[in-house]
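Student: My questions all concern the structure below.
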Amino acid sequence: MEFGLSHLPALDAVIGSTLDSSLGLRRLDRLDPFIGLDSELIEGSWNTLISTSSRPSSTQRTAHMAVLNSPAILRLVGSGASSASTSSSVAPFLGRHSRAWPGARPARILSAAAIVAFFVVYLFLGSSFLTIGPYLGSTTDVDLSPNRFAGQSDRMVELHSQVLAKDETDADLWRDEEEEDQRIVPPPAPLPPLHEPRPPPQGQPPAHAPADNDAASDTAPDAASDRASASECVSHERWMKTRPGPASEGKRRFPYMRPPPHCRTFTLPALESLIEEVKTVIHDPDLARLFENAYPMTLDTMVRWRGYANESDPDTGESRRTDQELAYIVTGDIDAMWLRDSASQIYSYLPLLRASSDPDSLASLWRGVINAHARYITISPYCHSFQPPPESGIPPTKNDAYHQNRPIPRYDPAKVFDCKWELDSLASFLQISVAYHDKTGDVDFFQKYGWVDAVDAAVRAAGAMRLGTYADDGKVEHSAWTFTGWTDRGSETLTNDGLGNPTKENGMVRTAFRPSDDATIFQFLVPANMMFAAYLESAAVIMAALDGERAGNLTSTMRDMALGIRRGIDKDAMVTRPGFGDMFAYEVDGFGSTHLMDDANVPSLLAMPLWNYTGVDPARDYHAIYRNTRRFVLSDANPYFMRGPALSAVGGPHVGPGKAWPMAAVVAGLTALEPMAGLDDAETEKEVETQIGMLLDSTSNRGVLHESVNSWNGMDYTRSWFGWPNGLFGELILKMRDYQEGRGQPTDGLLAKSWQ
């Protein structure tokens with residue numbers, strides 16, 4: 001059990017005067033050495049304070065009380081008084097009069113007894129029983145339980161926003177990290193179900209007959225293979241900290257970060273061949289190393305489990321394994337499966353997707369992700385992050401946000417990791433479904449399992465959230481989903497008792513949270529609606545090819561919903577901004593209010609060309625409107641465009657001002673290569689070259705992309721094990737290759753440049 005004081009601002013009012021006199025401190029946040037104290041230290045501090053055989057100094061008593069205090073204690077001592085009155089009444093108790101225990105007033109003795117009782121209960125029953133969670137800050141993006149990855153037992157809790165100390169040098173950083181405990185752990189567990197013969201269940205046809213085009217030899221050299229034996233694998237986070245492999249030959253000296261082949265979580269020979277092929281085209285050694293580290297990261301380290309679904313016999317109740325593939329892919333350092341993230345992570349390997357019935361093929365993994373998504377959406381269509389499938393045998397990951405958040409309807413924490421209504425999660429499920437269909441032509445797959453059920457659940461959930469706040473007669477409409485959070489961050493809860501700010505029905509779908517997992521201000525999130533509309537129409541093509549009346553009805557519903565969303569965007573989401581002209585707003589409410597900004601997370605306004613969004617008004621030039629929007633997003637007019645010498649890119653409120661996201665720099669490069677951006681060849685190459693240069697210089701010499709980077713301090717970053725932006729970076733490199741080949745520059749185009 002741990003105590004943290006970094007999120008207890010109420011203590012300022014209570015012990016501020018004591019701290020000034022005894023410790024010379026004005027604010028509690030300077031008590032950083034006390035953060036994370038365990039119960040043994042707390043007990044020792046208490047014993048020292050009240051021991052009759054020991055009379056600590058005034059400074060010692062103040063420090064001990066700073067350790068022991070919490071808002072719950074203050075409420076007991078203060079008996080419900082206001083912060084001001086509590087401060088005055090408790091100060092003598094904490095000050096010089098506190099050494100007079102034998103002659104203490106009954107009220108003081110009673111207060112002390114209450115404190116002791118509080119800690120006895122706390123130590124034996126745990127903090128969650130006393131529900132002081134809201135004073136510990138937001139935990140929505142924090143895995144507060146041990147990470148249950150194979151090879152990562154007893155991992156210390158890592159906050160989503162943990163950063164490196166600003167005054168650490170790079171040399172000191174790696175020296176300190178190499179001195180950490182390098183525990184050796186078993187390699188990822190083998191997956192026997194996928195390597196055993198898998199005859200289809202009786203009465204079912206053989207699954208997936210198209211030819212396998214993934215066959216290729218694994219000839220890629222592994223520079224770090226000699227660092228681990230055939231029976232040992234180091235946890236990936238610790239592996240990265242050792243700077244494995246020879247450094248790149250450029251000035252940045254990037255380490256080789258891929259785990260040894262036997263420690264990788266999914267092996268794809270075609271990927272190894274592609275990496276080697278592209279490296280021959282890239283002339284800059286640091287860029288080549290960044291590509292080979294980043295692009296395979298998800299397959300190398302984040303395919304947590306693959307297997308098959310079980311089903312129960314309705315007559316006997318016995319469970320049996322089916323031929324329905326399942327896959328569980330995590331984001332990196334958080335052991336849970338986000339719909340959006342996992343979809344985006346495998347989407348980066350779209351160039352390698354081929355029709356195949358081989359259980360070790362990318363097609364099999366892709367089907368496993370779609371099937372897992374379908375199951376999750378059918379269980380809880382308004383949730384965005386899920387637990388491992390029961391078939392995996394992986395225990396659910398504890399998330400303390402479950403006790404802090406109150407979504408209605410509620411969810412089962414054994415199945416759902418966290419539940420925020422994010423429209424882009426459903427759009428991402430449709431995106432990978434469309435991609436699989438288009439690349440393989442495997443229509444039968446969508447008819448066979450739970451895909452139709454999931455689409456039905458998604459359409460129903462989104463349809464219910466098109467309803468405005470008020471009925472025609474002025475009454476407040478019932479909302480299909482509400483959310484309140486007990487938190488100290490405004491972006492972790494919705495106003496109006498979970499309803500959010502009012503909206504006026506216009507055909508768009510309201511969503512409570514953005515793809516960053518932050519709450520919306522105006523609930524019609526424009527880029528999420530754009531993406532959902534685009535993939536509703538594309539997925540309707542699949543639905544139209546399926547048998548049955550239900551599929552036919554769903555096809556019509558999906559197309560009608562997409563059209564209504566486009567009309568709503570045309571009606572309310574276009575604004576005229578001085579200096580930029582007609583452009584898209586980030587959020588609107590249907591009443592005329594607009595929020596002008598953009599966020600790094602996709603879907604974003606900047607990413608609009610990636611799903612080729614257009615509206616329905618033939619009189620409007622949507623490409624020109626996008627170009628205006630792009631100029632706004634990449635300028636200081638966007639309140640979340642972070643500018644500085646380390647990295648200038650879009651950020652967002654998730655990590656806060658001053659933190660640019662490499663993902664946004666990648667998207668800026670990707671969209672610069674799209675015709676919708678309207679750039680000529682010289683402008684395109686300049687834009688892409690700028691983004692690549694910043695990305696190379698913002699990895700803190702780790703050779704992988706982070707979640708965010710301080711625009712003014714490249715060594716201050718969050719999350720170095722984060723699959724999504726690394727896969728996107730691989731997409732950018734492949735697109736740069738296609739761009740130069742399309743212009744007859746196979747060897748002297750963008751990838752032939754030097755960034756030394």
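The values are calculated or read from the model by the stated rules, or taken from the named source; none is laboratory data. Predicted model, so just to flag it, every value in this text is computed and none were measured. Cβ placement follows ideal geometry from the backbone for every residue including glycine, while neighbour counts extend to all protein chains displayed. Please note that ligands, DNA and RNA were not included when accessible areas were found on the heavy atoms of the full protein model with its side chains. Shrake-Rupley method; radii C 1.70, N 1.55, O 1.52, S 1.80 Å.
Student: Scanning segment 331-341 for residues that are buried (at least 24 other Cβ atoms within 10 Å of the Cβ) and of a type in the set (A, V, I, L, M), which turns out farthest from PHE722 (Cα to Cα)?
Tutor: LEU339
Student: Can you tell me which of (1) under 30 Å from HIS654 (Cα atoms); (2) of a type outside the set (Val, Ile, Thr); (3) open to solvent by less than 10 Å² (accessible area, probe 1.4 Å) is the one ARG566 doesn't meet?
Tutor: Unmet for ARG566, out of (1) under 30 Å from HIS654 (Cα atoms); (2) of a type outside the set (Val, Ile, Thr); (3) open to solvent by less than 10 Å² (accessible area, probe 1.4 Å): (3).
Student: Now for a separate question. Give the residues of segment 312-330 that are in contact with a Ser or Thr (Cβ under 9 Å, 6 or more places away or on another chain), open to solvent by 10 Å² or more (accessible area, probe 1.4 Å) and in contact (Cβ under 8 Å) with a residue 12 or more places away in the chain, sorted by residue number. Steps first, please.
Tutor: Initial filter on segment 312-330 (in contact with a Ser or Thr (Cβ under 9 Å, 6 or more places away or on another chain)): 312-313, 318-320, 325-330.
Restricting the remaining residues to those that are open to solvent by 10 Å² or more (accessible area, probe 1.4 Å) gives 312-313, 318-320.
Within segment 312-330, ARG320 is the sole residue that qualifies.
Residue-wise test of (1) out of contact with any Pro (no Cβ under 8 Å at 6 or more places or on another chain); (2) at pLDDT below 95; (3) open to solvent by less than 10 Å² (accessible area, probe 1.4 Å).
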residue	(1), (2), (3)
ASN506	yes, no, no
SER516	no, no, yes
VAL526	yes, no, yes
LEU546	yes, no, no
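Student: Give me the residue from segment 300-315 that is in a strand (DSSP E or B) and at pLDDT below 95 and, out of that set, nearest to LEU271 (Cα to Cα). Before you say what the answer is, go through the steps one by one.
Tutor: Filtering segment 300-315 down to residues in a strand (DSSP E or B) leaves 303-312.
Next, from what is left, pick out any that are at pLDDT below 95: 311-312.
Numbers: GLU311: 34, SER312: 37 Å.
In this case the residue turns out to be GLU311.
Student: Residues that are in a helix (DSSP H, G or I) and among the basic types (Lys, Arg): does segment 250-265 have at least one? Talk me through it step by step, then tell me what you get.
Tutor: Residues of segment 250-265 that are in a helix (DSSP H, G or I), as a first pass: 261-263.
With the extra rule that they be among the basic types (Lys, Arg), the set shrinks to none.
No: segment 250-265 contains no residue that is in a helix (DSSP H, G or I) and among the basic types (Lys, Arg).
Student: Exactly one condition in (1) outside any helix (DSSP H, G or I); (2) polar (S, T, N, Q); (3) open to solvent by 10 Å² or more (accessible area, probe 1.4 Å) is not met by GLN691; state its number.
Tutor: (1)
Student: Another one. So in segment 647-675, with the set limited to residues that are open to solvent by 10 Å² or more (accessible area, probe 1.4 Å) and more than 23 Å from the chain's Cα centre (by Cα), which one is nearest to ILE692 (Cα to Cα)?
Tutor: LEU673
Student: Could you please give the count of residues in segment 593-615 that are part of a loop (DSSP other than H, G, I, E, B) and within 12 Å of LEU670 (Cα to Cα)? Step through it out loud before you land on a result.
Tutor: Looking only at segment 593-615, we keep the residues that are part of a loop (DSSP other than H, G, I, E, B), and these are 593, 596-607, 612-615.
Narrowing further to those that are within 12 Å of LEU670 (Cα to Cα): 606-607.
Final tally of qualifying residues: 2.
Student: Looking at PHE522, PHE532, can you tell me which residue is among the hydrophobic types (A, V, I, L, M, F, W, C), over 13 Å from ASN601 (Cα atoms) and open to solvent by 10 Å² or more (accessible area, probe 1.4 Å)?
Tutor: Working: PHE532 fails: open to solvent by 10 Å² or more (accessible area, probe 1.4 Å).
Going through PHE522, PHE532 in turn, just one is among the hydrophobic types (A, V, I, L, M, F, W, C), over 13 Å from ASN601 (Cα atoms) and open to solvent by 10 Å² or more (accessible area, probe 1.4 Å): PHE522.
Student: Take the residues in segment 703-720 that are open to solvent by 10 Å² or more (accessible area, probe 1.4 Å) and part of a loop (DSSP other than H, G, I, E, B), then tell me which one is nearest to VAL655 (Cα to Cα). Full working, then the answer.
Tutor: At the first step, the residues of segment 703-720 found to be open to solvent by 10 Å² or more (accessible area, probe 1.4 Å) are 710, 712-715, 717, 719-720.
Imposing the further condition that a residue be part of a loop (DSSP other than H, G, I, E, B) reduces the set to 712, 719-720.
Values: TRP712: 15, ARG719: 11, SER720: 14 Å.
If we take residues in segment 703-720 being open to solvent by 10 Å² or more (accessible area, probe 1.4 Å) and part of a loop (DSSP other than H, G, I, E, B), then ARG719 is nearest to VAL655 (Cα to Cα).
Student: From the list LEU634, LEU610, which residue is touching a helix residue (DSSP H, G or I) at 6+ places or on another chain (Cβ under 9 Å), within 24 Å of HIS654 (Cβ to Cβ), in contact (Cβ under 8 Å) with a residue 40 or more places away in the chain and open to solvent by 50 Å² or more (accessible area, probe 1.4 Å)?
Tutor: Details: LEU634 fails: in contact (Cβ under 8 Å) with a residue 40 or more places away in the chain.
Criteria check complete, one pass: LEU610.
Student: Something else about it: Looking at segment 617-635, which of its residues are closer than 18 Å to VAL575 by Cβ and in a loop (DSSP other than H, G, I, E, B)?
Tutor: First, the residues of segment 617-635 that are closer than 18 Å to VAL575 by Cβ: 617, 619-635.
Of everything in segment 617-635, those that are closer than 18 Å to VAL575 by Cβ and in a loop (DSSP other than H, G, I, E, B) turn out to be ASP617, ALA619, ARG620, ASP621, LEU634, SER635.
Student: Quick one: in segment 584-601, of everything that is surrounded by 24 or more Cβ atoms within 10 Å (Cβ to Cβ) and within 15 Å of LEU634 (Cβ to Cβ), which residue is farthest from the chain's Cα centre (by Cα)?
Tutor: Residue satisfying both the conditions and the ranking: PHE584.
Student: While we're on this one: Quick one: in segment 721-756, which of the residues that are hydroxyl-bearing (Ser, Thr, Tyr) and assigned to a loop (DSSP other than H, G, I, E, B) is most open to solvent (accessible area, probe 1.4 Å)?
Tutor: Initially, segment 721-756 is screened for residues hydroxyl-bearing (Ser, Thr, Tyr), giving 739, 747, 754.
Those still in the list that are assigned to a loop (DSSP other than H, G, I, E, B) too: 747, 754.
Working: THR747: 96, SER754: 80 Å².
Ranking the candidates gives THR747 first.
Student: Which of the following residues is of a type in the set (Phe, Trp, Tyr), at pLDDT 95 or above and out of contact with any helix residue (DSSP H, G or I) (no Cβ under 6 Å at 6 or more places or on another chain): PHE591, PHE580? It would help to see each step written out before you state the result.
Tutor: Numbers: PHE580 fails: out of contact with any helix residue (DSSP H, G or I) (no Cβ under 6 Å at 6 or more places or on another chain).
That would be PHE591, the only listed residue that is of a type in the set (Phe, Trp, Tyr), at pLDDT 95 or above and out of contact with any helix residue (DSSP H, G or I) (no Cβ under 6 Å at 6 or more places or on another chain).
Student: Inside segment 398-501, counting only helices (runs of 4 or more DSSP H) that do not spill past its ends, which hold 3 or more residues that are modelled with pLDDT of 95 or more and open to solvent by 50 Å² or more (accessible area, probe 1.4 Å)? Steps first, please.
Tutor: Details: elements: 401-404, 423-440, 444-448, 451-464.
By residue number, 444-448.
Student: Would you pick out the residues in segment 236-249 that are in a helix (DSSP H, G or I) and open to solvent by 40 Å² or more (accessible area, probe 1.4 Å)?
Tutor: Applying the first criterion (in a helix (DSSP H, G or I)) to segment 236-249 yields 236-241.
Those that are in a helix (DSSP H, G or I) and open to solvent by 40 Å² or more (accessible area, probe 1.4 Å): ARG238, LYS241.
Student: Which of the residues spanning segment 342-363 are in a helix (DSSP H, G or I) and open to solvent by 10 Å² or more (accessible area, probe 1.4 Å)? Reasoning before the result, please.
Tutor: Looking only at segment 342-363, we keep the residues that are in a helix (DSSP H, G or I), and these are 342-347, 350-352, 362-363.
SER344, TYR347, LEU350, PRO351, LEU352 - these are the residues of segment 342-363 that are in a helix (DSSP H, G or I) and open to solvent by 10 Å² or more (accessible area, probe 1.4 Å).
Student: Find all pairs meeting these conditions: Cβ atoms under 8 angstrom apart; at least six residues apart or on different chains; first residue within segment 368-396 and closer than 21 Å to ASP323 by Cβ and open to solvent by 10 Å² or more (accessible area, probe 1.4 Å); second residue in a helix (DSSP H, G or I) and basic (Lys, Arg).
Tutor: Qualifying pairs under 8 Å: none.
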